[in-house]
Amino acid sequence: MRRRTPSASGSLRRACALAAAAAVALSMAACSPSTTPETTKAQLAAPGSWLVPMQGERDVSAVAGAYPMKLQSPTAEGSWAYLDGATSFNADVDRQLLAALDKHTGARYQPAVETARQDKAKLTVQGTIVHTGGHYLVGRMRITPHGPGTTAETTMVYDSGTGTTVPSEVLVAPAHRGELAALIRSLRGADTTAPVPLTDLAFDAAGNLTMPAGPAHGAMGTLRIPAAAVRPWLSTLGHHAQDEADEPWKPPAPAPKQLRHINCDIVPCAALTYDDGPSQATTPRLLKMLEQAGAGATFFAVGGAVSYSPQIARAEHDAGFTVGNHSWNHPDLRRLSPAAVVSQMQWTNSAIKAATGAEPTLMRAPYGGVDAMVQQNVGLPIILWSVDSLDWLSRDPAKYIPTIMRLVSPGAVILEHDIHATTVDHQGEVISRLQNAGYYLVTVPQLFAGIPLQAGQVYRCRGHGRQCTPSPGR
């Protein structure tokens with residue numbers, strides 16, 4: 001929509017007119033048939049009332065590119081949404097969450113699974129999508145401490161055209177933020193000298209500027225300043241966002257599924273990895289199980305098997321899984337010459353690229369056999385494991401599944417083999433038990449996202465566990 005900027009004959013007259021208009025808008029909203037039922041208002045008075053969505057917030061499933069996240073740990077719980085391909089928006093969400101989690105725990109927060117419902121004081125977080133219009137999406141983060149404390153609410157504006165994310169106050173020109181704050185203060189009936197942070201602004205589909213009404217009007221109230229009236233106070237960004245307020249949402253280009261954003265410093269993650277395939281007898285069934293469960297995985301493929309079954313390697317890649325290098329014919333690389341190690345890597349890299357269209361970025365040494373010579377010649381980061389299921393040895397799910405569940409911890413890399421029917425036949429149980437325990441099952445690149453992986457270096461897991469690699473600064 002396009003709006004003409006109205007003329008103004010003085011900030012005092014405009015402020016009075018805006019106050020009257022906004023007050024009318026508030027009273028109309030309060031008397032509307034869509035007013036929140038009394039039962040919902042009663043829920044707001046109960047502990048955890050932050051969980052009740054405010055009017056105007058969007059169903060994440062209805063927003064193109066948005067996907068929900070959930071946290072249930074011994075110290076925090078809640079939910080929020082990421083945007084596929086929106087690097088700056090996701091980084092801003094992560095920054096707010098990690099800052100709040102660190103503050104709540106009094107140290108660097110570490111992800112953990114909740115083994116039983118605990119009564120510890122928990123931080124609660126809720127991230128929602130308030131509005132979408134054209135290239136602009138407004139997200140709100142609401143963070144509430146357990147017990148006494150004030151809920152902190154902030155909104156951020158994401159521009160899919162430029163890929164940038166800014167605080168919502170940027171919608172208003174700096175020269176007019178004082179006027180807007182004065183108006184909000186008068187409408188809320190607040191202390192005329194108290195600061196009014198403009199951290200929770202948004203537009204509705206009509207281009208009206210909205211913000212929480214504050215305690216004077218009830219927790220569910222929303223102040224709406226008419227679009228034409230607030231227009232003179234908006235910044236250039238605010239004008240653009242208001243102009244597109246009623247247009248269909250234009251999401252950014254999605255990231256490759258193998259790299260879709262998830263922060264394993266916030267939620268507990270584990271990486272399922274499968275060696276020695278692809279196998280025509282077993283791997284296709286495993287792919288179906290993983291896809292149905294929404295689980296990520298990484299396949300460390302043998303070059304000879306890829307050459308024999310390129311269509312399966314292609315299916316792994318096309319389904320959004322990572323395909324890594326596991327040598328050409330599975331020798332112990334430590335027993336080869338440096339030139340032979342290079343050949344094993346190059347042949348397999350070529351076979352995988354021919355099958356999938358993408359060259360591998362990771363490798364796993366057969367038998368976990370790594371020494372200084374191997375490190376110097378493989379040319380890729382070396383991914384080993386922190387959980388060895390020994391599925392190849394026992395061929396018994398009654399043994400290897402309990403082994404996985406006993407050894408897994410946030411940041412783990414789990415070793416299995418997709419060439420054994422005794423492994424593949426029971427992956428549904430492995431996946432469901434891990435997910436029910438609270439783990440997000442991710443690809444190896446997702447697990448180590450934010451950690452620069454170096455060629456020839458060995459990585460076993462993420463975090464602060466034994467032989468694990470922590471994130472920079474954490």
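The values are calculated or read from the model by the stated rules, or taken from the named source; none is laboratory data. Note that this is a predicted model, so its numbers are computed, not measured. Backbone-built Cβ (ideal geometry, glycine too); neighbour counts: all protein chains shown. These area figures cover heavy atoms from the full protein model, side chains too; ligands, DNA and RNA do not enter into them. Shrake-Rupley method; radii C 1.70, N 1.55, O 1.52, S 1.80 Å.
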Name the pairs: first residue in region 255-284 and on the phi < 0 side of the Ramachandran plot, second residue among the small types (Gly, Ala, Ser) and surrounded by fewer than 21 Cβ atoms within 10 Å (Cβ to Cβ), Cβ to Cβ under 6 Å, at least 6 apart or on different chains?
255/85; 257/320; 258/320; 265/471; 268/438; 278/309; 280/309; 282/421
Limited to region 351-365, what total is found for residues that are charged (D, E, K, R) and over 18 Å from residue 320 (Cβ atoms)?
1
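Can you find a residue that is without any contact (Cβ under 8 Å) to a residue 12 or more places away in the chain and open to solvent by 50 Å² or more (accessible area, probe 1.4 Å) anywhere in region 421-434?
Going residue by residue through region 421-434, those that are without any contact (Cβ under 8 Å) to a residue 12 or more places away in the chain are none.
Taking every residue of region 421-434 in turn, none turns out to be without any contact (Cβ under 8 Å) to a residue 12 or more places away in the chain and open to solvent by 50 Å² or more (accessible area, probe 1.4 Å).
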Unmet requirement for residue 217, which otherwise passes all of (1) touching a helix residue (DSSP H, G or I) at 6+ places or on another chain (Cβ under 9 Å); (2) modelled with pLDDT of 95 or more; (3) open to solvent by 20 Å² or more (accessible area, probe 1.4 Å):
(2)
Within region 349-364, can one find any residue that is open to solvent by 30 Å² or more (accessible area, probe 1.4 Å), under 27 Å from residue 289 (Cα atoms) and without any contact (Cβ under 8 Å) to a residue 40 or more places away in the chain?
yes
For region 294-313, name all the residues that are crowded, with 16+ Cβ neighbours inside 10 Å and under 20 Å from residue 269 (Cβ atoms).
295, 296, 297, 298, 299, 300
Every residue from region 435-474 that is in a helix (DSSP H, G or I) and surrounded by 16 or more Cβ atoms within 10 Å (Cβ to Cβ)
444, 445, 446, 447
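One residue is enough: does region 260-271 have a residue meeting the conditions more than 30 Å from residue 362 (Cβ to Cβ) and among the aliphatic types (A, V, I, L, M)?
So in region 260-271, the residues more than 30 Å from residue 362 (Cβ to Cβ) come out as none.
Looking through region 260-271, none of the residues is more than 30 Å from residue 362 (Cβ to Cβ) and among the aliphatic types (A, V, I, L, M).
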I'm trying to understand the selection: among the residues of region 315-355, which are within 24 Å of residue 284 (Cα to Cα) and part of a loop (DSSP other than H, G, I, E, B)?
319, 320, 321, 326, 327, 328, 329, 330
Out of (1) within 27 Å of the chain's Cα centre (by Cα); (2) closer than 21 Å to residue 456 by Cβ, the odd one out for residue 326 is which?
(1)
Count of region 230-286 residues which are among the charged types (D, E, K, R) and in contact with a helix residue (DSSP H, G or I) (Cβ under 6 Å, 6 or more places away or on another chain)
1
Just to be sure I understand, how many residues within region 383-420 are without any contact (Cβ under 8 Å) to a residue 40 or more places away in the chain and either assigned to a helix (DSSP H, G or I) or open to solvent by 40 Å² or more (accessible area, probe 1.4 Å) (or both)?
19
Restricting to region 114-135, count the residues that are in a loop (DSSP other than H, G, I, E, B), modelled with pLDDT under 95 and buried (at least 16 other Cβ atoms within 10 Å of the Cβ).
2
Filtering region 228-246 down to residues that are open to solvent by 30 Å² or more (accessible area, probe 1.4 Å) and either under 30 Å from residue 450 (Cβ atoms) or in contact with a Ser or Thr (Cβ under 9 Å, 6 or more places away or on another chain) (or both) yields 228, 232, 237, 239
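Is it true that some residue in region 146-155 is hydrophobic (A, V, I, L, M, F, W, C), in contact with a Gly (Cβ under 9 Å, 6 or more places away or on another chain) and either at pLDDT below 95 or surrounded by 17 or more Cβ atoms within 10 Å (Cβ to Cβ) (or both)? Give the steps one after another, and end with the answer.
Going through region 146-155, the residues hydrophobic (A, V, I, L, M, F, W, C) turn out to be 152.
Filter again for in contact with a Gly (Cβ under 9 Å, 6 or more places away or on another chain), leaving none.
No: zero hits.
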Pair list, Cβ under 7 Å, 6 or more apart: region 152-168 residue without any contact (Cβ under 8 Å) to a residue 60 or more places away in the chain, other residue open to solvent by less than 40 Å² (accessible area, probe 1.4 Å) and of a type in the set (Asp, Glu):
153/200; 154/200; 155/200; 168/200
Every residue from region 58-112 that is surrounded by 14 or more Cβ atoms within 10 Å (Cβ to Cβ) and at positive phi
65, 78, 85
The correct count of residues that are modelled with pLDDT under 85 and either open to solvent by 70 Å² or more (accessible area, probe 1.4 Å) or not in a helix (DSSP H, G or I) (or both) in region 159-187 is 1
Qualifying residue in region 235-246 (condition: in contact with a His (Cβ under 7 Å, 6 or more places away or on another chain) and closer than 30 Å to residue 435 by Cα):
no
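Does residue 271 satisfy the criteria of being of a type outside the set (D, E, K, R), modelled with pLDDT of 95 or more, surrounded by 20 or more Cβ atoms within 10 Å (Cβ to Cβ) and in a strand (DSSP E or B)?
Working: of a type outside the set (D, E, K, R): yes; modelled with pLDDT of 95 or more: yes; surrounded by 20 or more Cβ atoms within 10 Å (Cβ to Cβ): yes; in a strand (DSSP E or B): yes.
Yes: the conditions hold for residue 271.
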